[in-house]
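Chemist: Attaching a single structure in structure tokens format; questions to follow.
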Protein chains: 2
Amino acid sequence: MTNTLEDNRPILEVCLTPALWDQHDPKDKNVVVIDIIRATSTIASALHHGVKKMIPVETVEEANTWLEKGYLVAGERDGIKIPHFHFGNSPFEFMGEDVRGKEIIHTTTNGTRCVLKSKGARNIVAGSFVNQDAIFDWIKKENRNTILFCAGWKDHYVMDDALFAGAVVRELADDFRIIDDSTLSAKLLYKHVRENMLRTVKQATHFKRLQRLGIENDIKFCMSNPQFDVVPIFDGVGFVKL
Amino acid sequence: MTNTLEDNRPILEVCLTPALWDQHDPKDKNVVVIDIIRATSTIASALHHGVKKMIPVETVEEANTWLEKGYLVAGERDGIKIPHFHFGNSPFEFMGEDVRGKEIIHTTTNGTRCVLKSKGARNIVAGSFVNQDAIFDWIKKENRNTILFCAGWKDHYVMDDALFAGAVVRELADDFRIIDDSTLSAKLLYKHVRENMLRTVKQATHFKRLQRLGIENDIKFCMSNPQFDVVPIFDGVGFVKL
């Protein structure tokens, strides 16, 4: 018991899908939203490439109201860009001069739901492989109880999100306490498949579903590690560079 | 698409915790309830050692009503045998002459909840490492859509249940289709930790919680593989030998 009492390290916990969010309490904690393919990877990349703010919204209808106010709007349904929107959801669309300094409305069902559910958290940031080192450093520097919130797909568990959560846990295992089996399992899963991550994710059904949409290059990008030095933080409206 | 249409193998799916059960539909499927430490291990062992029927009930109150009817009743709360019950919950208590041919009321919160939730399933069986080969063979012979239902702990994911689910998936991966990431992850987790399973489970918080209750020998037994050749099947009231 003495060891437990003396261990003042903050707690790192993984929420495997939004359907399990009721088992977590974000109050005064930092929350890292993880939607690897593609929302949080796109957000990190866009901010790195000069976009001023990525504003997540859940529905096309909500995006339309922003569109009417004159905002740039990005979105797809079933892998096809919504015709009257300016952009689809590919990270490659938010790298050019045309988006620099802009605020962009970004329809993303699973990721937006996580942001809404994280209300009450101290900070909400967007984590992904493309900005992983910046996220590792930020969590460690904050030294605060942290929830790694896997966005999943329609409340279902998806492996790519769990793998990134596992990467964070593995990196920070010395500095944080792990007190539940979800967190330990994510760490072990990442530890054992990290050498073959793209190959493993290609076996996953989430990947297969997305592959049918013809976004393979996006997926390769989202599973890569260009090390964008950016922590996208939610300012109450959208994600901005910290 | 041709391959998909031609693949007539049944589906094998893992439900990681009862909190995610709504994402599964047991209708016409076989359900394998998995509560490694200790309910389903105890049930398999007890039937192997001659107990006639293990009747799972959720609450002490419910067990009391059976006790009043003259049944043998087993149960613990916080690791301590309930004083007026005949047995605790250790698998070692159901191996002797005194239980042979008997029907025993067995309080088990997480496992019982899974049985209740599995209503509508074609068959409900109890799976564990102690009878794993019998379970592998039965699922394969049935050749039917099957859900591996991890009982968890108070709706939380626990690693020992997921590991056994992963063992089943790994064994039957050629004969069944895997169509979701939970199932693939359980398989990978088992694949990579199976050589060090007891050591891995000892890191798990579920184990630590149980260790505090002083049931280490029970846990070692539940993680071992004596190969009891028994498939405990639910007959509407309790688990009996198939």
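Chemist: Of B:ASP35, B:ASP174, B:ASP160, which is the most mobile in a GNM of chain B whose springs link Cα atoms less than 10 angstrom apart?
Modeler: B:ASP174
Chemist: Let me ask something else about it. Fewest Cβ neighbours within 10 Å first, please rank B:SER45, A:SER128 accordingly.
Modeler: Values: B:SER45 27, A:SER128 30.
In order of increasing Cβ crowding within 10 Å: B:SER45, A:SER128.
Chemist: Compare the Cα positions of A:ALA19, A:HIS86, B:SER128 along the charge dipole of the protein assembly as shown (+1 at Cβ of Lys, Arg; -1 at Cβ of Asp, Glu; about the Cα centre) and return the one farthest towards the positive end.
Modeler: Farthest along the dipole direction, towards plus: B:SER128.
Chemist: How large is the helix-only mean residue ellipticity at 222 nm for chain B, computed as the sum of -39500 (n - 2.57) over DSSP H runs with n ≥ 4, divided by its residue count, in deg cm²/dmol to the nearest 500? The partial results should precede the final answer.
Modeler: Values: 10 runs with 92 residues, N = 242.
Result for chain B: -11000 deg cm²/dmol, rounded to the nearest 500.
Chemist: For B:GLU61, go 7 angstrom from Cα along the Cα-to-Cβ vector, then report the distances to that same point in the other copies in nm, smallest first.
Modeler: 4.2
Chemist: Taking neighbour counts of Cβ atoms within 10 Å as a proxy for exposure, in what order, fewest first, do A:MET223, B:MET197, A:MET159, B:MET95 appear?
Modeler: Values: A:MET223 22, B:MET197 19, A:MET159 27, B:MET95 16.
Ordered from fewest to most neighbouring Cβ atoms within 10 Å, A:MET223, B:MET197, A:MET159, B:MET95 come out as B:MET95, B:MET197, A:MET223, A:MET159.
Chemist: Quick one: which residues, 5 or more positions from B:ILE105 or on another chain, have an amide H under 5 Å from its amide H? H modelled 1.01 Å from N in the peptide plane, none for Pro or chain starts.
Modeler: B:ILE55, B:LEU72, B:VAL73, B:ALA74
Chemist: Taking B:VAL237 in one copy and the same position in all the others, each labelled 7 Å out along Cα→Cβ, what are the pairwise distances from the first, in nm, shortest first?
Modeler: 6.8
Chemist: Just to verify a number: FRET efficiency for B:ASN196 and B:LEU242, C-beta to C-beta distance, R0 = 30 Å, to 0.05?
Modeler: Efficiency computed from Cβ-Cβ geometry: 0.40.
Chemist: Any idea what log10 I(q)/I(0) is at q = 0.08, 0.16, 0.19, 0.21 Å⁻¹ for region B:91-236, Debye with uniform C-alpha scatterers and no solvent?
Modeler: -0.23, -0.99, -1.44, -1.72
Chemist: Any idea what diffusion coefficient the protein assembly as shown gets from Stokes-Einstein, in µm²/s, Kirkwood Rh on alpha carbon pairs, 10 °C, 1.306 mPa s?
Modeler: Working: Rh = 23.8 Å.
Using the Kirkwood radius from Cα pairs, D works out to 67 µm²/s.
Chemist: Shortest first and in nm with one decimal, please list how far the A:LYS102 label point sits from its counterparts in the other copies (point 7 Å along Cα→Cβ).
Modeler: Those separations, rounded to one decimal, come out as 7.5 nm.
Chemist: Same structure again: Using Cα pairs under 8 angstrom and six or more residues apart, how large is the relative contact order of region A:142-242, in percent?
Modeler: On the way: 66 pairs, mean separation 18.9, N = 101.
Once normalised by length, the contact order is 19 percent.
Chemist: Further, regarding this structure: Cα centroid distance between region A:167-242 and region B:113-148, in Å?
Modeler: 33 Å
Chemist: I would also like to ask the following. Measuring from the axis that superposes chain B on chain A, report the chain B residue with the minimal C-beta distance, rounded to whole Å.
Modeler: B:HIS192, 2
Chemist: While we're here: Cut-off is 10 Å between beta-carbons; in what order do A:ILE34, B:ILE147 appear when sorted fewest neighbours first?
Modeler: Values: A:ILE34 31, B:ILE147 24.
If I rank by nearby Cβ atoms, fewest first, I get B:ILE147, A:ILE34.
Chemist: If a/c stays under 1.5 just call it rounded; otherwise compare a/b with b/c (prolate if a/b is bigger, oblate if not). Do that for region A:132-202, with a ≥ b ≥ c from the square roots of the Cα gyration tensor eigenvalues. Mind showing how you got there, number by number?
Modeler: Values: a/c = 1.69, a/b = 1.45, b/c = 1.17.
Note, shape of region A:132-202 comes out prolate.
Chemist: Next question, about the same structure. Take peptide A:205-216, look around each residue's Cβ out to 10 angstrom, count Cβ atoms belonging to other protein chains, and average those counts. Mind showing how you got there, number by number?
Modeler: Values: counts 7, 3, 1, 2, 1, 0, 0, 1, 0, 0, 0, 0.
Whole-number average of other-chain Cβ neighbours for A:205-216 is 1.
Chemist: May I pose another question? Would you tell me the mean number of C-beta atoms belonging to other protein chains that fall within 10 Å of each C-beta in B:175-187, as a whole number?
Modeler: Details: counts 0, 0, 0, 3, 3, 8, 16, 8, 2, 8, 12, 2, 1.
Mean shielding count: 5.
Chemist: Looking only at other chains, what is the average number of their beta-carbon atoms within 10 angstrom of each beta-carbon in A:195-201? Numbers along the way, then the final one.
Modeler: On the way: counts 0, 0, 0, 0, 0, 3, 2.
The mean count of partner-chain Cβ atoms within 10 Å per residue comes to 1.
Chemist: Let me ask something else about it. When the chain is fully extended, how far beyond the present Cα-Cα distance does B:ASN217 get from B:ARG170, taking 0.36 nm per residue of separation?
Modeler: On the way: separation 47, 0.36 × 47 = 16.92 nm, distance 2.71 nm.
Residue separation times 0.36 nm, minus the Cα-Cα distance, leaves 14.2 nm.
None of the figures in this text is laboratory data; all of them are computed from the coordinates on show. Everything numeric here is computed off the predicted structure, so don't read it as measured data. Note that each Cβ is placed from the backbone with ideal geometry, even for glycine, and that neighbours are counted across all protein chains shown.
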